[in-house]
Amino acid sequence: MNPAGVDAPVKILLVDDQPGRLLTYRAILEPLGEELVEADSGDEALRLLMQDDFALILLDVNMPGMDGFETASMIHQHPRFEKTPIIFVTAVNVTDMDRLRGYKLGAVDYVMVPVIPEILRSKVVVLAELHRKRTELQAANAQLEAANRALQAEQARELEVLNESLRRANAALGAQNVELHGEVLERTRVEQLLREVDRRKDEFLATLAHELRNPLAPLQNALSIRRLAMAGADSEDPLQGLMERQVAQLVRLIDDLLDIARISQAKLMLRRHPTVLQDIVQSAVETARPTVEAGEHELVVEVPESPVHLVADEARLSQVLSNLLNNAAKYSEPGGHIHLLARVAEERVELEVRDAGIGLTPEETERIFEMFSQVNTAVDRTHGGLGIGLTLVRRLVEMHGGEVSVQSDGPGQGSTFKVSFPHVCEPTGPESTEPAGAVERSASGGKRVVVADDNRDAADTLAMMIEMLGHDVHRHYTPHTVIADVREFRPDIVFLDVGMPGMSGYELARTLRAQPECRNMAIVAVTGWGQPDDRRLTREAGFDEHLVKPPALDAIARLCSGPDRARHDEEPTDA
């Protein structure tokens, strides 16, 4: 189909075997401005139709050879022309059957000869305009189809781009999921490793505390023996109290190794008893004095003139002050000035340690009390430290119902640590036992005691201390000789080390408990292991008491001077 504008002439095929009629048709239709094409036979008409498209056909019915009906039939059999309108022209009257036949063959109208020009032109105008509309509609449909195809192609391209983007995103997400899964597995592995490391750390701290307590036991025992030996002296040796306090402080520091493992679970326990603020300060100063003197610092201590009585854990508060004093000494240049102030104000005890040392940045003041936090300075690297001292300070002060803070004007401007807690004068819980100095020798009628420890120094000093308390003691350095001696000696109390080689204290205690003659005998564990699980194990093995090395003199005296196990447990004696 040739392209044409909306008002372009359409082609009209005029088919008639008479030239005069063809001339008439032309004369009538030329004013319409359409393109007229003539054919003098049906064959000629078919040939022209194969070459071009026509808006309508004006076809004579009575032609020689192939008449109008046959020509119309041939035209409409072709799919291309089946809808081309045909106007039949006839000079004779046609019957209704002829009209019906013509309509079946595709005729749209009939024109009688002589032709009336206005009628023919009006019919041709309508059909020509209809052809133009149909052509215009086809062109619009073609444009719409082309636009639709273009739109579909564009949408297909956009969809492909989107799909490709989604594929890349899915691939990236899949890679991230794989990476995340790997990170989760790695984090799980690290968490398990951390738990294992934490478990091993607790085991290491417990073992370390045990190993450190073993050599401390003979030292503590020796000091207890020395105190017993001086019981009748007119004046007390000042070095005795100093050594006892320092050994006790060392024991508490060993306990702190275990406390660090439990500090986040708030399992630190205070031992409150009536004490005096001045004694706490004096103990802290004595503990920190070596560090202060090593730095050649000037230490100024201000305390109230009158004794300040309070109920608190003396050793822990002394540890708080000694830690603060040690920090002040460590982080000050040699020859520095340290000021310790203790006072009571508005029913609160206030402690203040001020130095002129390296000072702190604002960031360091915020994290200085965190676990393992250390000041990143050359001085810090010189003196070292675990970074747990100030964490313990804060925790211990908080356990006394107080708070601790630090102030510093910046690097090189020194620091001031302030501690404040309620001034409690009345006991709020069970008090501790009397100090070691209050222990007296046993009256006549001492008890029979067996001491067994593979550490000879620990066994000998514990045995000597018990002997000086007025009791009869047998000592053993191996567990295998204990059973026979117990059967013959029939002791009232047996002190057993738990970790003896060959036979543990647990096994030995169970063996002794199985002997009928040991029914009323008290068995005491003396060990460097002091965790709750350790105490549970000794209780299950049949021990009556659990003493952590080094054992205190007052605890030994209490056990040796107390009632025998039969009366203590309210069991009848043998007949």
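The values are calculated or read from the model by the stated rules, or taken from the named source; none is laboratory data. Please read all numbers here as calculations on a predicted model, not as lab measurements. No Cβ is skipped: glycine too gets one built from the backbone with ideal geometry, and neighbour counts run over all protein chains shown. Surface areas here come from the heavy atoms of the whole protein model, side chains and all, with no ligands, DNA or RNA. Shrake-Rupley method; radii C 1.70, N 1.55, O 1.52, S 1.80 Å.
Accessible area per residue of the range 47-201 at 1.4 Å probe, in Å²? Provide the component values of the computation, followed by the final result.
Details: 10340 Å² over 155 residues.
Computed with neighbouring chains in place, this is 67 Å² per residue.
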- Query: Which net charge results for the neighbourhood of Leu299, defined as the other residues with beta-carbon distances under 12 angstrom from its beta-carbon, given Lys and Arg at +1 and Asp and Glu at -1?
  - Reply: -4
- Between Arg168 and Arg539, with labels modelled 7 Å along Cα→Cβ, what's the label distance in nm to one decimal, could you check? 6.8 nm
- Note on the structure: Using a 1.4 Å probe on heavy atoms of the protein chains only, the accessible area for His423 in Å², nearest 10, reads 50 Å²
- Task: For Arg189 and Glu82, compute 0.36 nm times the residue count separating them, minus their Cα-Cα distance, and round to one decimal in nm.
- Result: 30.2 nm
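Which order, highest average first, do 115-123, 269-277 follow once you tally other Cβ atoms within 10 Å for each residue and take the mean per peptide? Could you put the intermediate results ahead of the total?
Working: 115-123: 14.3, 269-277: 16.6.
By packing density, highest mean first, the sequence is 269-277, 115-123.
Step by step: find N for the range 11-115, compute 2.2 N^0.38 Å, then divide the Cα radius of gyration by it. What's the final number? Please report the intermediate quantities before stating the final value.
Numbers: Rg = 12.6 Å, N = 105, 2.2 N^0.38 = 12.9 Å.
Against the empirical 2.2 N^0.38 Å value, I get 0.98 for the range 11-115.
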- Two pseudo-spin positions, 7 Å from Cα along C-beta at Met66 and at Asn148, lie apart in nanometres by 3.7 nm
- Item | Average accessible surface area per residue within the range 448-561, 1.4 Å rolling probe, Å² | 40 Å²
- Query: Considering only protein heavy atoms and a 1.4 Å probe, what is the carbon-and-sulfur percentage of the accessible area of the range 11-115?
  - Reply: 53 percent
- Query: Once fully extended, how much extra length lies between Ala91 and Arg490, figured as 0.36 nm per residue of separation less the alpha-carbon to alpha-carbon distance?
  - Reply: 127.7 nm
- Query: Arranged from highest to lowest average of other beta-carbon atoms within 10 Å per residue, in what order do the peptides 461-474, 188-201, 525-538 appear?
  - Reply: 461-474, 525-538, 188-201
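Could you calculate the contour length gain from Glu160 to Val197, that is, 0.36 nm times the residue separation minus the distance between their Cα atoms, to one decimal place in nm?
On the way: separation 37, 0.36 × 37 = 13.32 nm, distance 5.33 nm.
Between Glu160 and Val197, full extension yields an extra 8.0 nm.
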- Query: What distance in nm separates the simple spin-label points at Glu179 and Leu130, each placed 7 Å from Cα in the Cβ direction?
  - Reply: 7.2 nm
- Determine the alpha carbon to alpha carbon distance for each of Lys11/Lys123; Lys201/Lys330; Lys11/Lys83; Lys447/Lys549; Lys11/Lys104 and list only those over 20 Å. Lys201/Lys330; Lys447/Lys549; Lys11/Lys104
- Karplus-derived 3J(HN,Hα), 6.51/-1.76/1.60, for each residue of the range 188-198, Hz, glycine and proline x: 4, 5, 5, 4, 5, 5, 5, 4, 5, 5, 5
- Message: Can you give the FRET efficiency to the nearest 0.05 for Ile119 and Arg26, using r as the Cβ-Cβ distance and R₀ = 22 Å?
- Response: 0.85
- Message: Classify the range 448-561 from the C-alpha gyration tensor, please: rounded if a/c falls under 1.5, else prolate or oblate depending on whether a/b exceeds b/c.
- Response: rounded
- Query: If you roll a 1.4 Å probe over the range 448-561 with all protein chains in place, what percent of the accessible area is carbon or sulfur?
  - Reply: 48 percent
- Query: Which FRET efficiency, nearest 0.05, do His337 and Glu366 yield, Cβ-Cβ r, R0 22 Å?
  - Reply: 0.25
